[in-house]
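Colleague: Would you mind keeping the following structure in view while I ask a few things?
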Amino acid sequence: MNKVGSEQNPLKIAIIGSGPSGFYATEALFRSDVTTQVDMYDRLPIPFGLVRSGVAPDHPKLKQVIKVYDKIAESPHFRFFGNVEIGSDLTVDSLKRFYHSIIFTCGAESDRKLGIPGEELSGSHTATEFVGWYNGHPDYRGCTFDLSQEVAVIFGQGNVAADVARILAKTNDELKNTDITAQALDQLSQSNIRDIFVIGRRGPAQAKFTSKELKEFGGLEQCDTLIDKSEMILNPESEIELSDKNNDSSKKVVDLFEAYSQSTGTSSKKRSVHFTFLKSPVELIGNGKVEKVRLEINALAGKPFEQSARGTGNFIELDTGLVFRSIGYRGIPMPGVPFDDNRGVIPNHDGRIVEGNNVLPNLYVAGWIKRGPTGIIGTNRADSVATVKSLLEDIDMLDPGEEKSGSEGAENLLNEASVRYVSLSDWKKINHSEIERGLPKGKPREKYTSINEMLDVID
């Protein structure tokens, strides 16, 4: 009887999610000494997850990693099944029958809430909606944003908040040669926004922007970047944090904030981005739609590197009709898989999915849905490699006599249910068509934003 993972009995793996974690897990499997066949599933017809739909259009270099994923996908041992939703088109129980093991790499698809009154008012949005809209994610094609407002407010101090602010701040000329969607470019070109407030609960030293992202605000064509000098007065604990030699990234960020605080804001530029700190939203106010935000002034409390924001009981209000929250992501449950609702992840030990104290055999997880939304694209490689290591350690527990049909079984079930799944060659047709559509406009591509449009290209 041939061992699982031999040429005669390949290890058959289903990977759920086609973002960075999914491709890095595939790469780790192919680099091992185990003969493996990988089938990758995604609910969208298009692969690459947040590299396609999350990376800002004016950051094309970050999308070059797709070339690595393309190379991985060219393996004869790889198949892509797009437009397949696990839990409805195929169940986890079905996949267990067809594959030796399953790796879930489906990311963190929803946003954390502010948990304040008025959060559901019209004009209050998640950063995910806006990012997905300008990046052409089909889920957000129908979103609308009231860009007739003069003031936009963004809650958050990370790179996604910076992306939202920067896209709102840029001119049509700065965006027209990117892969931003035609719909978003058209509406943004008519924007009436003049002031963009990026608001953080804690101080400048605790901001989570990268210095590279923050530095870009100094080169915007028609937007000043402003910070009130008084907000750059740091408490002793923050000074200690910045003096730590292992905290160089925060020091660079604060230095940039300090430079922006020297700006007078008296230029003729038509927009301004205002970074402001130590304020928490406590209420969105308005009659059916957001008209203002109520903010509580905070003070920092705690030891260096453990400081938290505490309300002082002093409040201010800011007039605005457009609010975005960018305070973190969380995963969403998948039928047939345990879920930790408090953390928004699939519970696991070293990538092995657990339910209570029990390890569920042959079920694994990698990426944000494993550890939470931390790190950058490249961070997922080590995370996926660690999960694959656990999977390969368990290979001897697989029954070599249990036959797994892999993609053949899955394909038959999808055909029986008349599910229009999208293959890798189908995706290549969509990709080619998008590139062709972008050429006359001087864009790298013009994305399709609806699943039906994508399927029409294939058919």
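Colleague: Exactly one of (1) more than 22 Å from F130 (Cβ to Cβ); (2) not in a helix (DSSP H, G or I) is unmet by F257. Its number?
Modeller: Every condition holds for F257 apart from (2).
Colleague: Let me ask something else about it. When you look at S110, is it out of contact with any strand residue (DSSP E or B) (no Cβ under 7 Å at 6 or more places or on another chain), surrounded by fewer than 23 Cβ atoms within 10 Å (Cβ to Cβ), at pLDDT below 95 and of a type in the set (S, T, N, Q), yes or no?
Modeller: The answer is no for S110.
Matching residues to (1) among the small types (G, A, S); (2) in contact with a strand residue (DSSP E or B) (Cβ under 6 Å, 6 or more places away or on another chain); (3) not assigned by TED's automatic domain parsing to the domain that holds E74:
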residue	(1), (2), (3)
N357	no, no, no
E393	no, no, no
D396	no, no, no
D399	no, no, no
K404	no, yes, no
S407	yes, yes, no
N431	no, no, yes
I435	no, no, yes
P440	no, no, yes
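A quick yes/no check of all residues on (1) surrounded by fewer than 20 Cβ atoms within 10 Å (Cβ to Cβ); (2) out of contact with any helix residue (DSSP H, G or I) (no Cβ under 8 Å at 6 or more places or on another chain):
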| site | (1), (2) |
| --- | --- |
| P60 | yes, yes |
| F81 | no, no |
| R97 | yes, no |
| L147 | yes, no |
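Colleague: Of the residues F217, F209, which is more than 19 Å from R325 (Cα to Cα), in the same structural domain as T320 (by TED's automatic domain parsing) and either out of contact with any Asp or Glu (no Cβ under 7 Å at 6 or more places or on another chain) or free of Cβ contacts under 8 Å to residues at least 60 places away in the same chain (or both)?
Modeller: Matching residue, one of F217, F209: F217.
Colleague: I'd like the full set of residues that are touching a residue at least 60 places away in the same chain (Cβ under 8 Å) and either in a helix (DSSP H, G or I) or closer than 15 Å to R52 by Cβ (or both), limited to region 432-449.
Modeller: G438, K441, K443, P444, R445, E446, K447, Y448, T449
Colleague: Sort out which residues of region 270-294 are outside any strand (DSSP E or B) and either over 15 Å from N314 (Cβ atoms) or among the charged types (D, E, K, R) (or both), and write them in order of number.
Modeller: K270, G286, N287, G288, V290, E291, listed by residue number.
Colleague: Yes or no: E283 surrounded by 14 or more Cβ atoms within 10 Å (Cβ to Cβ), touching a Ser or Thr at 6+ places or on another chain (Cβ under 7 Å), in the same structural domain as T225 (by TED's automatic domain parsing) and of a type outside the set (S, T, Y)?
Modeller: No; evaluated as a whole, the condition is false for this residue.
Colleague: Among the numbered conditions (1) over 21 Å from the mean Cα position of the chain (by Cα); (2) surrounded by fewer than 19 Cβ atoms within 10 Å (Cβ to Cβ); (3) farther than 28 Å from T181 by Cβ, tell me where D341 comes up short.
Modeller: Status for D341: all satisfied but (1).
Colleague: Next question, about the same structure. Tell me yes or no: at least one residue of region 31-54 is touching a strand residue (DSSP E or B) at 6+ places or on another chain (Cβ under 6 Å), of a type in the set (S, T, Y) and within 26 Å of G344 (Cα to Cα).
Modeller: yes
Colleague: Can you report the number of residues in region 302-343 which are of a type in the set (S, T, Y) and either part of a loop (DSSP other than H, G, I, E, B) or farther than 29 Å from I285 by Cα (or both)? Steps first, please.
Modeller: Taking region 302-343 first, the residues of a type in the set (S, T, Y) are 308, 312, 320, 326, 329.
Add one more test, that the residue is either part of a loop (DSSP other than H, G, I, E, B) or farther than 29 Å from I285 by Cα (or both), and what stays is 320, 326.
Residues that pass the stated criteria total 2.
Colleague: Follow-up question, since we're still on this one. Within the group K270, K289, K245, which residue is basic (K, R) and free of Cβ contacts under 8 Å to residues at least 40 places away in the same chain?
Modeller: K245
Colleague: Now for a separate question. Within region 347-382, can you find the residues that are at pLDDT below 95 and surrounded by 23 or more Cβ atoms within 10 Å (Cβ to Cβ)?
Modeller: Result: G367, W368, I369, K370, N380.
Colleague: I would also like to ask the following. Here are some residues: S148, S191. Which one is assigned by TED's automatic domain parsing to the domain that holds L121, under 24 Å from T266 (Cβ atoms), small (G, A, S) and part of a loop (DSSP other than H, G, I, E, B)?
Modeller: After applying the criteria, what remains is S191.
Colleague: Follow-up question, since we're still on this one. Just to be sure I understand the filter: pairs with C-beta atoms under 8 Å, separated by 6 or more residues or on different chains, first member in region 335-351 and without any contact (Cβ under 8 Å) to a residue 24 or more places away in the chain, second member of a type in the set (G, A, S) and surrounded by 14 or more Cβ atoms within 10 Å (Cβ to Cβ). Which pairs pass?
Modeller: F339/G331
Colleague: Name, by its number, the condition in (1) over 28 Å from G118 (Cα atoms); (2) touching a Lys or Arg at 6+ places or on another chain (Cβ under 7 Å); (3) touching a residue at least 60 places away in the same chain (Cβ under 8 Å) that does not hold for S280.
Modeller: Result: S280 fails condition (1) only.
Colleague: Mind telling me which of the residues R112, R97 ends up being closer than 30 Å to N287 by Cβ and touching a residue at least 40 places away in the same chain (Cβ under 8 Å)?
Modeller: Unique residue meeting the criteria: R112.
Colleague: Do you know which of the residues in region 198-227 that are among the charged types (D, E, K, R) and closer than 20 Å to G311 by Cα is surrounded by the most Cβ atoms within 10 Å (Cβ to Cβ)?
Modeller: The qualifying residue surrounded by the most Cβ atoms within 10 Å (Cβ to Cβ) is R201.
Colleague: Now a separate question. Would you tally the residues in region 393-416 being assigned to a helix (DSSP H, G or I), out of contact with any Phe, Trp or Tyr (no Cβ under 7 Å at 6 or more places or on another chain) and aliphatic (A, V, I, L, M)?
Modeller: Adding up the residues that qualify gives 3.
Colleague: Using the structure shown, decide if R194 is surrounded by fewer than 16 Cβ atoms within 10 Å (Cβ to Cβ) and either over 25 Å from M454 (Cβ atoms) or free of Cβ contacts under 8 Å to residues at least 60 places away in the same chain (or both).
Modeller: Considered against the rule, which asks whether it is surrounded by fewer than 16 Cβ atoms within 10 Å (Cβ to Cβ) and either over 25 Å from M454 (Cβ atoms) or free of Cβ contacts under 8 Å to residues at least 60 places away in the same chain (or both), R194 comes out as yes.
Colleague: Hey, another quick one. Across region 242-261, which residue is surrounded by the fewest Cβ atoms within 10 Å (Cβ to Cβ) among those that are touching a helix residue (DSSP H, G or I) at 6+ places or on another chain (Cβ under 8 Å) and among the polar types (S, T, N, Q)?
Modeller: S249
The values are calculated or read from the model by the stated rules, or taken from the named source; none is laboratory data. As the structure is a prediction and not an experimental result, all values here were calculated from the model. Note that we place each Cβ from the backbone using ideal geometry, even for glycine, and neighbour counts take in every protein chain shown.
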